[in-house]
Amino acid sequence: MILILGGTGEARELARHVEAVSSLAGRVTNPRLPRGEVRIGGFGGVDGLAQWLRDNDIHAVVDATHPFARQITANAFEACGRVGVPFLILRRPGFTPRDGWLWVDGVAEAARNLPGERIFLTTGRQDLAEFAACPQWFLARMVEPPEPPMPQRIEVLLSRGPFTVDGEFSLMRSREIDVLVTKDSGGSMTSAKLEAAEQLGIPVVIVRRPPLPPAEVVRTVEEAAIWLENARSSR
Ligand code: NAP
């Protein structure tokens, strides 16, 4: 049996092509479910995941989680090493960098470097607290409603991609946005805001991806499917 650590479009796509059990963290109330078997909720750290891999006779793990889901990737790398299960990271490429982007190493650094007053924040609900002390006005877009702490002056937009360039352009213009803050998530579902920001001449503050553990990494679903096929035939 194969385990896909999911929560991304790539994870759902991979689950369409291989027989696997997909795992979701359970953060979203109405998640887009992958095809096939799905389990939901944390494993209980490295120990819990290692035990789960043994109990379910898993013979390969593909981590197709979001590029900023750092903890689960670190845990999976360690648990697979411990149990002796082949482990692959599937990570889509980051956004193609554009001139003038202000790169920062984390969300906290982004909060300290806001070159404007009306901020479009697309880093997600879990990072909102980092901006709580900022005096600027925020338009914050996320999938699930946020909980405090959060900035005092804020409009929350509950929405899930994909988004279009026209839609992003109109949204940013209607709120008189003068800075876009985002993560280097990559992919086409959320890249329209970058194009819209460029058209509007708005500065972009972009958070670098966290480093990966020293595991094998592929960038596409096709490569992951080939890796799984090889892992199966070399058992
Ligand atoms: P995280 O900080 O790396 O993980 C925190 C804990 O959540 C993990 O230790 C694990 O709990 C549990 N967890 C995370 N992903 C899981 C999965 N696929 N299956 C089972 N348990 C999981 O993760 P996160 O940033 O909160 O992201 C949670 C999920 O949302 C991920 O699956 C990710 O693909 C998706 N997502 C994240 C972002 C983002 O910006 N971070 C954006 C879009 C989607 P235990 O230690 O108890 O096992």
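The values are calculated or read from the model by the stated rules, or taken from the named source; none is laboratory data. The structure presented is a predicted model; accordingly, all values stated were derived computationally and were not measured. Every residue, glycine as well, gets a Cβ built from its backbone with ideal geometry; the counts of neighbours run over all protein chains shown. All accessible areas refer to the heavy atoms of the entire protein, side chains included, with ligands and DNA or RNA removed. Shrake-Rupley method; radii C 1.70, N 1.55, O 1.52, S 1.80 Å.
Some observations on this one:
- Against the test of being closer than 27 Å to LEU158 by Cα, in the same structural domain as HIS17 (by TED's automatic domain parsing) and within 16 Å of the ligand (Cβ to nearest atom), the options ILE72, ILE58 yield a single qualifying residue, ILE72.
- Any hit, segment 45-61, residues being out of contact with any His (no Cβ under 7 Å at 6 or more places or on another chain), touching a residue at least 60 places away in the same chain (Cβ under 8 Å), outside any strand (DSSP E or B) and crowded, with 22+ Cβ neighbours inside 10 Å: no
- Residues in segment 7-35 that are more than 9 Å from the ligand (Cβ to nearest atom) and open to solvent by 50 Å² or more (accessible area, probe 1.4 Å): 10 in all.
- The listed residues are GLU78, GLU130, and the only one of them that is charged (D, E, K, R) and not assigned by TED's automatic domain parsing to the domain that holds LEU158 turns out to be GLU78.
- When the residues of segment 81-95 are filtered to those that are within 13 Å of the ligand (Cβ to nearest atom) and not in a loop (DSSP other than H, G, I, E, B), the one that is surrounded by the most Cβ atoms within 10 Å (Cβ to Cβ) is LEU90.
- Flag for THR220 being closer than 17 Å to ARG92 by Cβ, open to solvent by 40 Å² or more (accessible area, probe 1.4 Å), of a type in the set (Ser, Thr, Tyr) and modelled with pLDDT of 95 or more: yes
- Options ARG141, ARG160: the member that is under 28 Å from GLU10 (Cα atoms), of a type in the set (D, E, K, R), open to solvent by 40 Å² or more (accessible area, probe 1.4 Å) and under 22 Å from the mean Cα position of the chain (by Cα): ARG160
Per-residue answers, yes or no, for (1) over 24 Å from PHE131 (Cα atoms); (2) at pLDDT 95 or above; (3) polar (S, T, N, Q):
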{"residue": "VAL28", "(1), (2), (3)": "no, no, no"}
{"residue": "VAL46", "(1), (2), (3)": "yes, yes, no"}
{"residue": "ASP57", "(1), (2), (3)": "yes, yes, no"}
{"residue": "HIS66", "(1), (2), (3)": "no, yes, no"}
{"residue": "CYS80", "(1), (2), (3)": "yes, yes, no"}
{"residue": "PHE95", "(1), (2), (3)": "no, yes, no"}
